[in-house]
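Below is one structure, written out as structure tokens; the observations come after it.
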Amino acid sequence: MAKRNQKSKIRPMKRPGVTVKRISSEKDLARAYSIRIRVFVEEQGVPREIELDDDDHSAMHFLATVGARAVGTARVVVRRGAAKIGRMAVLKNYRRRGIGAKLLTRAIAAARRMKARRIYLHAQVAVSGFYQRMNFHAVGSIFDEAGIAHRKMIWRRPQLAGMRRRKPPVKKHQPGNAKDFSPS
């Protein structure tokens, strides 16, 4: 038998995509808590007893995954018509890949579906530029939260370029209207 000269096709490995889903199981909630402990408690020194709080019981939680690996989380708490997005965390090796933006976009969409009149968050000052790019605007002064400088930021719905609300156009006089009839 003659050997067939075949060129092997080498395909670059595709990176698994990022998926963000609302948490609906205790297992996924535990995965989200684990991410928060790694990021906030272990990396940033936030006391564990204030990281996991009473708001976790009433919050809507989200989990970002890459393949089967949980890599990010966020939550939304609604009170008196205002939605607070918080506990945004992405594992160190997965940052700057758009995962935070996907989590935040999903959290904003959830807050809007819940008819929140206002959407806000307490941003760590070091990453406030990220939130500004996502249409959050700083209000008030910098304050300390868990030993880290924060600033309150409020989300404003983005305006499409050139799409400002305008008065409807005035209808121009068109031939053939009753006003055009003139007796001969």
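Every number in this text was worked out from the coordinates using simple rules, so none of it is lab data. The structure presented is a predicted model; accordingly, all values stated were derived computationally and were not measured. Cβ atoms come from the backbone with ideal geometry, glycine included; neighbour counts cover every protein chain shown.
Go through segment 48-58 residue by residue and turn each phi into a ³J(HN,Hα) via Karplus (6.51, -1.76, 1.60, θ = phi - 60°); whole Hz please, and just put x for glycine and proline.
Residue by residue, segment 48-58 yields 4, 5, 9, 6, 8, 9, 5, 5, 4, 6, 9 Hz.
What is segment 18-155 by shape, rounded, prolate or oblate, if you read a ≥ b ≥ c off the alpha carbon gyration tensor as root eigenvalues and call it rounded for a/c under 1.5, prolate for a/b larger than b/c, and oblate otherwise?
Values: a/c = 1.32, a/b = 1.14, b/c = 1.15.
Rounded, because the longest to shortest axis ratio a/c is under 1.5.
Can you put D55, D144 in order of Cβ neighbours within 10 angstrom, beginning with the fewest?
On the way: D55 14, D144 8.
Placing the least packed residue first, the sequence is D144, D55.
Would you mind checking which residues have amide H under 5 Å from M88's amide H? H placed 1.01 Å from N; only 5 or more apart, or other chain.
So M88 has HN proximity to R75.
Starting at the first residue of segment 124-132, write each ³J(HN,Hα) from the Karplus equation 6.51 cos²θ - 1.76 cosθ + 1.60 with θ = phi - 60°, in whole Hz, x for Gly and Pro.
Each residue of segment 124-132 in turn: 5, 4, 4, 10, 5, x, 4, 5, 4 Hz.
Mind ordering 60-69, 102-111 by average Cβ neighbours within 10 Å, highest first? Can you show the working numbers first?
Numbers: 60-69: 17.7, 102-111: 20.1.
Going by the mean number of other Cβ atoms within 10 Å, highest first, we get 102-111, 60-69.
Separation of segment 129-158 and segment 87-106 by C-alpha centroid, Å?
Answer, in whole Å: 16.
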